[in-house]
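Here the structure comes first, spelled out in structure tokens, and everything after it is commentary.
The values are calculated or read from the model by the stated rules, or taken from the named source; none is laboratory data. The shown structure was predicted, so the numbers you read here are calculated from the model rather than taken from an experiment. Counting neighbours? That spans all protein chains shown, and the Cβs are built from the backbone with ideal geometry, glycine included.
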Amino acid sequence: MEKQSYEKKAYETMKEKILNGQLRTGDRVPENTIAKELGISRTPVRRALVMLETEGFLTIESNRGAFVCESKVTVGRFIEMLEMLEVLTIKTMDKIETKGISFEPQHLYRRLSVMEGHLKAGNSSGFVEEGWQTIFDFIAYMGNSYANNAVRKMGIDFLTKAPKEIILIPFHNGAYLIEQYMRMNELLRTKDFDKAETIVRELVNYFIIKTFR
């Protein structure tokens, strides 16, 4: 196995442990244990730790090691994220409509198919990560670097700094989420932008209500 593959394996293993709660906020990442578990040296593990720190999953302290970042996404912050995504999604739809941008529904269908697979398999972390990537891919149609960076940052914050009960909200309502995405995708394909925007607003309101239940 090549060095890059070792790093990727270490990266994916540690990231999964963080997302599924095996490594919790404030936990020190057991560098030696990870290396032994994967049958590799500590060097690719250390490189993977740097990658995870860059993405906001960890903080690395000199002479102390790497620690899982403190959770900072509260219910209030989650609702702010939902409202921001509503604004950005509708603005993206407006730009697709007014600028005549070519929308490719098949790409979104493929993303939703992957999400559905994660949902059926009970893979909550895979489902949520794919969901954020789906949002990012759609916002990219706007062609606005600020919007792209904002969504990327929100996704990283959500995955790394939200408590598990908030992270699981999309997964627990996954069937409904996929159904509404499918409807939205079909409406965009047929250029019925007003109805597509209505679905976005209803979807955000739905998740705000679910957050308080």
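A compact table of results
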item: Any hit, the stretch 161-176, residues being within 19 Å of the chain's Cα centre (by Cα), assigned to a loop (DSSP other than H, G, I, E, B) and modelled with pLDDT under 95; result: yes
item: Failed condition for Phe103, given (1) modelled with pLDDT of 95 or more; (2) farther than 28 Å from Glu165 by Cβ; (3) surrounded by 14 or more Cβ atoms within 10 Å (Cβ to Cβ); result: (1)
item: All positions within the stretch 44-71 that are without any contact (Cβ under 8 Å) to a residue 24 or more places away in the chain and over 15 Å from Lys17 (Cα atoms); result: Arg46, Val50, Thr54, Thr59, Ile60, Glu61, Ser62, Asn63
item: Residue that is nearest to Glu179 (Cα to Cα), among those in the stretch 118-134 that are without any contact (Cβ under 8 Å) to a residue 60 or more places away in the chain, assigned to a helix (DSSP H, G or I) and out of contact with any helix residue (DSSP H, G or I) (no Cβ under 6 Å at 6 or more places or on another chain); result: Lys120
item: Residue in the stretch 103-117 that is outside any helix (DSSP H, G or I) and in contact (Cβ under 8 Å) with a residue 24 or more places away in the chain present; result: yes
item: Top-ranked residue of the stretch 27-67 - restricted to ones that are at pLDDT below 90 and hydrophobic (A, V, I, L, M, F, W, C), ranked as nearest to Tyr6 (Cα to Cα); result: Met51
item: Residue count for the stretch 106-124, restricted to those that are of a type in the set (S, T, N, Q), under 17 Å from Glu16 (Cα atoms) and surrounded by fewer than 19 Cβ atoms within 10 Å (Cβ to Cβ); result: 1
item: Selected residue (criterion: surrounded by the most Cβ atoms within 10 Å (Cβ to Cβ)) from residues of the stretch 63-100 that are more than 19 Å from the chain's Cα centre (by Cα), of a type outside the set (Phe, Trp, Tyr) and outside any helix (DSSP H, G or I); result: Ala66
